[in-house]
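The values are calculated or read from the model by the stated rules, or taken from the named source; none is laboratory data. Please read all numbers here as calculations on a predicted model, not as lab measurements. Counting neighbours? That spans all protein chains shown, and the Cβs are built from the backbone with ideal geometry, glycine included.
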Amino acid sequence: MEPTTLTNIFTLDFGIRTLINLTAITILVRFLYYPTYKNSDFVFSYFLFNFIVFILTIFLHNVEVSMGLTFGLFAIFSMLRYRTESISIKEMTYLFVSIAIAMLCAIIKTTPLGLSLIISGILALTWFIDSNFFLKKEIRRTILYEKIDLIKPENQEVLLRDLQKRTGLNIHRFYVQKIDFLRDTAVLKVFFYEQPGQQNGVEIEEEQAVNLSSEN
């Protein structure tokens with residue numbers, strides 16, 4: 001059996017698949033993810049993850065490697081953890097979609113038109129699910145609250161109005177996450193819907209709560 005060479009890998013089909021993959025990840029990251037989440041660090045990560053997975057999958061799919069080496073590579077990948085200061089479930093989902101697009105473009109056996117239609121379907125579904133057409137976006141924030149007397153069940157409406165007034169947000173629900181009677185503070189999780197024109201940033205970490213206690 002004639003061994004696979006680089007000449008056999010870098011073919012016209014490889015060029016077309018690379019072009020489709022780069023076009024797809026550009027649409028996913030630049031036009032679907034970034035306008036909403038505004039995090040350039042993840043833009044860099046998504047592009048690099050996508051392209052590296054695409055190249056590795058192409059080579060592993062075309063170059064004859066031993067079974068031991070294949071399992072070794074996957075064992076190394078399984079030990080890696082994608083860690084940042086803060087990453088939400090949605091951003092992990094975008095990472096998974098970017099990897100899935102790379103693998104589909106690398107190994108699926110179909111025509112360029114068929115591959116383009118499959119990738120277009122994935123991008124369209126991603127846009128639809130992450131838009132307000134599918135589900136109204138509910139944003140959550142963690143707040144450190146000092147008026148601990150208002151956390152009583154009979155004062156829920158008063159507490160809600162106070163949160164709306166002091167944050168300027170149209171908060172529609174909340175729950176008490178933690179109570180500290182020594183410091184007379186409570187950690188609240190508040191929820192509000194995204195308004196037109198409002199920038200939806202990445203969710204802050206649980207311990208980085210907004211402190212309202214400094215206000216009068």
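When residues in region 99-115 are screened for being surrounded by fewer than 18 Cβ atoms within 10 Å (Cβ to Cβ), more than 23 Å from the chain's Cα centre (by Cα) and in a helix (DSSP H, G or I), 4 of them pass.
Could you identify the single residue in Arg173, Arg140 that is more than 30 Å from Leu28 (Cβ to Cβ) and outside any loop (DSSP other than H, G, I, E, B)?
None of the others qualify; the one that does is Arg173.
Would you check which residues across region 34-62 are over 16 Å from Phe96 (Cβ atoms), surrounded by 15 or more Cβ atoms within 10 Å (Cβ to Cβ) and either outside the structural domain of Ala24 (by TED's automatic domain parsing) or touching a residue at least 60 places away in the same chain (Cβ under 8 Å) (or both) and list them? If the condition is that a residue be over 16 Å from Phe96 (Cβ atoms), surrounded by 15 or more Cβ atoms within 10 Å (Cβ to Cβ) and either outside the structural domain of Ala24 (by TED's automatic domain parsing) or touching a residue at least 60 places away in the same chain (Cβ under 8 Å) (or both), then Thr36, Asn39 are the ones that fit. Considered as a group, the residues in region 179-197 that are surrounded by 11 or more Cβ atoms within 10 Å (Cβ to Cβ) and aromatic (Phe, Trp, Tyr) include one that is modelled with the lowest pLDDT, and that residue is Tyr193.
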